[in-house]
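**Student:** What follows is a structure written as C-alpha cells; I'll ask about it next.
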Amino acid sequence: MVSPRGLQGLSVLVGLALCVTMLGLGCAVELGQLGRQLRRPVGVLLALLGQFVAMPLVAFLLALIFALDEVAAVAVLLCGCCPGGNLSNLMSVLVDGDMTLSIIMTVSSTLLALLLMPLCLWLYSRPWIHTALVRLLPLGAVSLTLGSTLLPIGVGVLIRYRYPRAADLLVKVSLWSLLVTLVILFILTGTMLGPDLLAHIPASVYAIAVLMPLTGYALGYGLATLFRMPPHCRRTVSLETGCQNVQLCTAILKLTFPPQLVGGMYMFPLLYALFQAAEAGLFVLAYKVYGRDGPKQEMLGEEEDTDISYRKLKEEEVPDASYGTVTTEELGAAPTETAQTAL
C-alpha cells in the first residue's frame, strides 16, 4: 500500500516537474514568432489536427480494439488527448527540424487543450459512460490543471522578452530535467505501488504504449506531407504529433482521480513516455545514419516558404560556392576571363 505521505510527495514532484517544463516551454517562445503565426497560423492548424483530431482518435480506437476496461481506457484516452510535450522540441533539434514550428505547435496545442482536451475526453469516453470511473471523470479539474500550466508559460515568455540569456539557460535546464524527472517518476511510482506492479499491467496496455506513439509519428509525417511541407518540417510535425505531454497526463491522474480506483494505471503515461522516447530515438538514429540531407540545403532550396520556416536565415544567408551556387554576374564574367587568358 502507498502511504498518504508518500503519495503526497509524489504528487508534489509531479507538480514541480510540470511547472519547470512549462516554464522552459514559455522561455522558448518569442513574441515575434507568435505575431507571425497569427497572420498565417499553419503551425496552430497542424497542432489542432495532430493533437486533438488524430491522437484522441488513435487512443479511442486502440482502447476499443484491445477491449480495455474502463480504468485502462481512461488512462489511454487521457494520454491521447494531452497536448504536445517538450520531448519533441529536443528531438527536433537532433533531426535538424524546424525549431520555430516545433515550439509553436507545442505552445498552441497547450493553449488549445484548455478547451479541447475536456471536450475530447467527454466525447470519446461515451462507450464507458456507465462505469463508476468515467462518471467521476473530473472535467472541471482537468481544465483547472491545464489552466495552471498557462501561468509558468506566461512567465517564461516574459523572461524571454526581458532576459534572453537567462531564457536560453532555462530552456536547456527544462529539456534535460524532463528526461531526469521521467526516470525518477518511473522508479518512485514502481517502488511505492509495489515491485510486482508492472507484472499486473495487462499485455494489451504495453502493446498500446508501443503502438500509440508509433502511429502518431506516422500520422504526423503523413499530415505534413499532405500540406506539402519541406522534409525538415515533416520530421518536426511527425515528432510533435507522436510526443505527448506525459507530465500533464501523470499530474491529472494523480491529482484528480482517487488512487484506489486508478491503481496501476498511474504507470501508463510513464510507459508511454518510455516508448515514445525510445521510438523517437530510433527515428533520430535512422536519420543520422541514412537520411541526413543537409538542413541548410533543404531550407535554401525550397521555393515555397511559410512564416514558420527559417525566413531570416534565407534572407541573410550568403550564397556558398560549395553548394554549386553560381550568380548571374559570374556567368557574365566567365567568357571575359577566358578571353583575357587566351590573349
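The values are calculated or read from the model by the stated rules, or taken from the named source; none is laboratory data. Note that this is a predicted model, so its numbers are computed, not measured. We place every Cβ from the backbone using ideal geometry, glycine too, and count neighbours over all the protein chains shown. Ligands, DNA and RNA are stripped out before the accessible areas are found, and what is left, the full protein with its side chains, is counted by its heavy atoms. Shrake-Rupley method; radii C 1.70, N 1.55, O 1.52, S 1.80 Å.
**Student:** Per the 1.4 Å probe, what fraction of the accessible area of the range 45-127, in percent, lies on carbon and sulfur atoms?
**Tutor:** That fraction is 80 percent.
**Student:** Sticking with this one: Put +1 on the Cβ of each Lys and Arg and -1 on the Cβ of each Asp and Glu in the range 10-129; which of ALA59, LEU16, LEU112 then has its Cα farthest toward the positive end of the dipole?
**Tutor:** The Cα lying farthest towards the positive end belongs to LEU112.
**Student:** Just reorder GLU70, GLU30, GLU279, GLU240 by solvent-accessible area, largest first, 1.4 Å probe, all chains present.
**Tutor:** Reading off the accessible areas and sorting them downward yields GLU30, GLU70, GLU279, GLU240.
**Student:** Which whole-number value in Å² is the accessible area per residue of the range 66-130, probe 1.4 Å? If you can, show how the numbers build up before the last one.
**Tutor:** Numbers: 1910 Å² over 65 residues.
Each residue of the range 66-130 exposes 29 Å² on average to a 1.4 Å probe.
**Student:** Could you list which residues have their amide H under 5 Å from that of THR131, counting only those 5 or more apart in sequence or on another chain, with H placed in the peptide plane?
**Tutor:** Excluding prolines and chain starts, which carry no amide H, there are no hits.
**Student:** Okay, next question. Assuming R0 = 30 Å, can you tell me the calculated FRET efficiency for the pair VAL180 and LEU285, based on Cβ-Cβ distance, to the nearest 0.05?
**Tutor:** Once the sixth-power term is evaluated, E becomes 0.90.
**Student:** Still on this structure: Go through the range 166-175 residue by residue and turn each phi into a ³J(HN,Hα) via Karplus (6.51, -1.76, 1.60, θ = phi - 60°); whole Hz please, and just put x for glycine and proline.
**Tutor:** My calculation for the range 166-175 gives 5, 5, 4, 5, 5, 4, 5, 4, 5, 5 Hz in order.
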